[in-house]
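Data first, discussion second: the structure below is written as structure tokens.
The values are calculated or read from the model by the stated rules, or taken from the named source; none is laboratory data. Quick caveat: nothing in here was measured; it's all calculated off a predicted structure. Cβ sites come from the backbone with ideal geometry, for glycine too, and all protein chains shown count toward neighbours.
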Amino acid sequence: MTNDQIRGWVLGRLPEGWFAGPPEVEADDDEILIIGSLDDSDVVTQVPDGQPASPGTRVQRFRQETRDQRMRIAQEAERRFGRKVAWGVEIGGERTLFTTLSVPVMTRLRLPERQVLDTLVRAGVARSRSEALAWCVRLVGRHEAEWIRELREALVRVNELRRRGPS
């Protein structure tokens, strides 16, 4: 099942009005992540001390009000696609994810690479080699986001060409 097919399936099941536009739907072999933008027009509502209500309040309200429906959609998707489903929202430029997977990944590292991880642990940047490696991956993702996006687009094109090629 392609990501476009998964996205189409998800979009066909979401109730109208949940998000201020179509959500992002990302998937890998383990998980489907659905992230929608919330309308922040009601965030300006005043709370008792005269301060504006926080976007966090809007996120929590959305999470509680949609929980049963999100769970039903997720269970159906998990049966259909064999992957866990996670949800998230974005409001005011801030992204909040609900119960996403953390999947172990096996890797083999030589001494110089292990020393990098051990330095991050000793410096208190991470609590373990595993956490240090995850930190490194996030750092690369943040600083090389454009290159990674181009690489993903190129892979989509390669897969299309393979599909059309001789069998």
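For (1) of a type in the set (Val, Ile, Thr); (2) free of Cβ contacts under 8 Å to residues at least 60 places away in the same chain, each residue gets a yes or a no:
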site: Gln64; (1), (2): no, yes
site: Asp68; (1), (2): no, yes
site: Glu76; (1), (2): no, no
site: Gly82; (1), (2): no, yes
site: Glu94; (1), (2): no, yes
site: Thr99; (1), (2): yes, yes
site: Val105; (1), (2): yes, yes
site: Ala126; (1), (2): no, yes
site: Gly141; (1), (2): no, yes
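Residues of region 64-100 that are within 15 Å of the chain's Cα centre (by Cα) and charged (D, E, K, R): Arg83, Lys84, Glu90, Glu94, Arg95.
Screening Gly124 with (1) modelled with pLDDT under 95; (2) at positive phi gives one miss only, at (1). Scanning region 55-80 for residues that are surrounded by 13 or more Cβ atoms within 10 Å (Cβ to Cβ) and under 21 Å from Asp29 (Cα atoms) turns up Arg70, Ile73, Ala74, Glu76, Ala77, Glu78.
Can you say whether Leu139 is of a type in the set (A, V, I, L, M, F, W, C), surrounded by fewer than 10 Cβ atoms within 10 Å (Cβ to Cβ) and farther than 24 Å from Val10 by Cα, as far as the supplied structure shows?
When the stated conditions are applied, Leu139 does not pass them.
Scanning region 81-109 for residues that are loosely packed, with under 12 Cβ neighbours inside 10 Å and under 19 Å from Trp9 (Cβ atoms) returns a single hit, Gly82.
Is there a residue being free of Cβ contacts under 8 Å to residues at least 24 places away in the same chain, charged (D, E, K, R) and under 27 Å from Gln5 (Cβ atoms) anywhere in region 110-121? It would help to see each step written out before you state the result.
Here is the first cut: in region 110-121, the ones free of Cβ contacts under 8 Å to residues at least 24 places away in the same chain are 110-121.
Subsequent filtering for residues that are charged (D, E, K, R) retains 110, 113-114, 118.
This time we only want the ones that are under 27 Å from Gln5 (Cβ atoms), so: none.
Checked against the condition, which is being free of Cβ contacts under 8 Å to residues at least 24 places away in the same chain, charged (D, E, K, R) and under 27 Å from Gln5 (Cβ atoms), region 110-121 yields no hits at all.
Only one of the numbered conditions (1) within 27 Å of Arg58 (Cβ to Cβ); (2) over 13 Å from the mean Cα position of the chain (by Cα); (3) assigned to a loop (DSSP other than H, G, I, E, B); (4) among the aliphatic types (A, V, I, L, M) is not met by Met106, and that is (1). Screening region 110-131 for residues that are part of a helix (DSSP H, G or I) and among the hydrophobic types (A, V, I, L, M, F, W, C) and picking the one that is surrounded by the fewest Cβ atoms within 10 Å (Cβ to Cβ) gives Leu111.
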